[in-house]
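The next block holds one structure in the form of structure tokens; read it before the comments.
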Amino acid sequence: MKLNILKKLMLGVVLFYLPLQSMAWGDKGHRIAGQIASSYLTPKARAAVRAILGNESVAIASTWGDFIKSDPSYNYLYNWHFVDFDKPYTYPDMVTYLKQDTSVDSYTKIQFMVGELKKKNLAADKKLLYLRMLIHVVEDIHQPMHTAHTDDKGGNDFKVQWFNEPSNLHSIWDSKLIEFQNLSYTEYSNAINFTTPAQRAEWQKEPVTKWIFESQQLAEKIYAASQKDEKLGYKYNFQHIATVNRQLLKAGVHLAGLLNQIFG
């Protein structure tokens, strides 16, 4: 009897742990980017988003894509969260690669969801699913390890330590660095949400291919600066938190631009 109970407990721990391996930014990071995006929506886009989400804010809707991993009927969404690469690319080569991409991944599903959300007769349940997932996936691809190497599952198999805690490179960039700042998502978004109209206009002209390319370039720099089983802590935070903050900010600005384009 005790052995069966122990097995069930161990299985529960495994099932709880596995979905966390592919999260991007963690709940707080997603909500920071969602909060920033909300601040730059046009009145028309804000009304359209509100009509779909109801009382669910963009910040809260942003975590639905990870929350729903608890339901096996949504397992088909797993590959929507990332687009991994087996080598570095120049930007022209990246554009060529993505334009020919037929895989189920972040890039192809963003294109799909944008097209679907522009349809006037799209069913309400599909609108809600695609808007929630578009918010989430756009934010995902700004986390560099969601555009990282195929062979180590986007850094999940790249084991390191965070202070004295076993971790991996993916988790460090998902949540460890953000949580280390010890701010709520609203405090955090207020602390980094500073852009000029010219800067927003420039960023919002950038295509999705550019977002992915920039994230992938950052991923390569992260790999180059990391060693397996390395103990990371204060110094790593000092070296990389500015990059985290810029990616969160760009995620919010890019997301707002895309929603304004769809619903504007």
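Mind checking whether some residue in segment 184-196 is in contact with a Lys or Arg (Cβ under 6 Å, 6 or more places away or on another chain), closer than 18 Å to P144 by Cα, modelled with pLDDT of 95 or more and not charged (D, E, K, R)?
no
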Filtering segment 181-198 for residues that are free of Cβ contacts under 8 Å to residues at least 60 places away in the same chain, surrounded by 14 or more Cβ atoms within 10 Å (Cβ to Cβ) and not in a loop (DSSP other than H, G, I, E, B) leaves a count of 1
Looking only at segment 100-123, how many residues end up being without any contact (Cβ under 8 Å) to a residue 60 or more places away in the chain and assigned to a helix (DSSP H, G or I)? 6
Restricting segment 231-264 to residues that are among the hydrophobic types (A, V, I, L, M, F, W, C) and within 18 Å of Y185 (Cβ to Cβ), the one surrounded by the most Cβ atoms within 10 Å (Cβ to Cβ) turns out to be A251
Go through the residues of segment 225-247 one by one and say whether even a single one is in contact (Cβ under 8 Å) with a residue 24 or more places away in the chain, assigned to a strand (DSSP E or B) and of a type outside the set (D, E, K, R). yes
Can you find a residue in segment 63-75 that is in contact with a Leu (Cβ under 8 Å, 6 or more places away or on another chain) and under 16 Å from L128 (Cβ atoms)? yes
Would you mind finding the one in G12, G34 that is among the small types (G, A, S), in a helix (DSSP H, G or I) and at pLDDT below 95? G12
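The values are calculated or read from the model by the stated rules, or taken from the named source; none is laboratory data. Remember, it's a predicted structure, so these values are computed and weren't measured experimentally. Cβ: placed from backbone, ideal geometry, glycine included. Neighbour counts: every protein chain shown.
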